[in-house]
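Here the structure is laid out as structure tokens; the discussion comes afterwards.
The values are calculated or read from the model by the stated rules, or taken from the named source; none is laboratory data. Here the structure is a predicted model, which is why all the values come from computation and not from measurement. Please note: Cβ atoms are built from the backbone with ideal geometry, for glycine as well, and neighbour counts cover all protein chains shown.
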Amino acid sequence: MINKIIVVCTGNICRSPIAEKLLKTKLDERVQVDSAGIAALVGHFADPLAQMVMMNHGHDISNHRARQATHASLAPMDLILTLDQSHSDWIRLRFPYLQGRTHKLGRWRGNTDIADPYGMPKNEFDKAYAAIDACVDDWTARIKMLEQGN
């Protein structure tokens, strides 16, 4: 049973807050979903363009505050989802015993990375949102199948 999920990216202000919110929206409310960054801009709000894109899709992430990925935030998680290979590598090097619980968000789409839109124009945030949304759908379907025992 997957009860606790964390999504990890770099600064925890663009991709992982989007994925966190989408997972929270699409999964049962009993599943705890968090996010963090490997080089987090601790305490910062989500990027204004990430907020705008999410608002355009009916989601509010204006209360999000970036936090650093740490042993304390990762170890209790049943599933750790990373946005690209550098995040998976960072976790594997520091916490090798978490490797079995660490997967890319794009695992079910050829283990793809989702490009970081930070510092890019809005259309790159739109692309990231679309990729994250599709990958979240893949994961939520699999998590729901696990809950049903299939």
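Taken together, M55, M1 contain a single residue that is hydrophobic (A, V, I, L, M, F, W, C), closer than 18 Å to Y129 by Cβ, more than 15 Å from the chain's Cα centre (by Cα) and loosely packed, with under 15 Cβ neighbours inside 10 Å, which is M55. Could you tell me whether region 60-83 includes any residue that is among the β-branched types (V, I, T), surrounded by fewer than 16 Cβ atoms within 10 Å (Cβ to Cβ) and without any contact (Cβ under 8 Å) to a residue 40 or more places away in the chain? Scanning region 60-83, I find at least one residue that is among the β-branched types (V, I, T), surrounded by fewer than 16 Cβ atoms within 10 Å (Cβ to Cβ) and without any contact (Cβ under 8 Å) to a residue 40 or more places away in the chain, so the answer is yes.
Condition test on D116, is it touching a residue at least 24 places away in the same chain (Cβ under 8 Å) and either assigned to a loop (DSSP other than H, G, I, E, B) or of a type in the set (S, T, Y) (or both)? So D116 fits the description; yes. V42 meets all of the listed conditions (1) closer than 18 Å to R142 by Cβ; (2) in contact with a strand residue (DSSP E or B) (Cβ under 7 Å, 6 or more places away or on another chain); (3) surrounded by fewer than 17 Cβ atoms within 10 Å (Cβ to Cβ); (4) not small (G, A, S) but one, namely (1). Output the residue which, of all residues in region 43-73 that are touching a helix residue (DSSP H, G or I) at 6+ places or on another chain (Cβ under 9 Å), assigned to a loop (DSSP other than H, G, I, E, B) and not small (G, A, S), is farthest from D126 (Cα to Cα). In this case the residue turns out to be R67.
Looking across region 100-113, just one residue is assigned to a helix (DSSP H, G or I) and either within 12 Å of Q85 (Cα to Cα) or touching a Pro at 6+ places or on another chain (Cβ under 9 Å) (or both), and that is R107. Filtering region 136-150 to residues that are over 15 Å from M1 (Cβ atoms) and surrounded by 14 or more Cβ atoms within 10 Å (Cβ to Cβ) leaves V136, D138. Among the candidates I80, I18, the residue that is at pLDDT 95 or above, within 20 Å of I143 (Cα to Cα) and in a strand (DSSP E or B) is uniquely I80. Taken over region 23-39, the criterion of being out of contact with any Cys (no Cβ under 9 Å at 6 or more places or on another chain) and either under 18 Å from S62 (Cβ atoms) or not β-branched (V, I, T) (or both) is satisfied by L23, K24, T25, K26, L27, D28, E29, R30, Q32, V33, D34, A39. Note on region 30-65: residues that are among the basic types (K, R) and modelled with pLDDT of 95 or more total 1.
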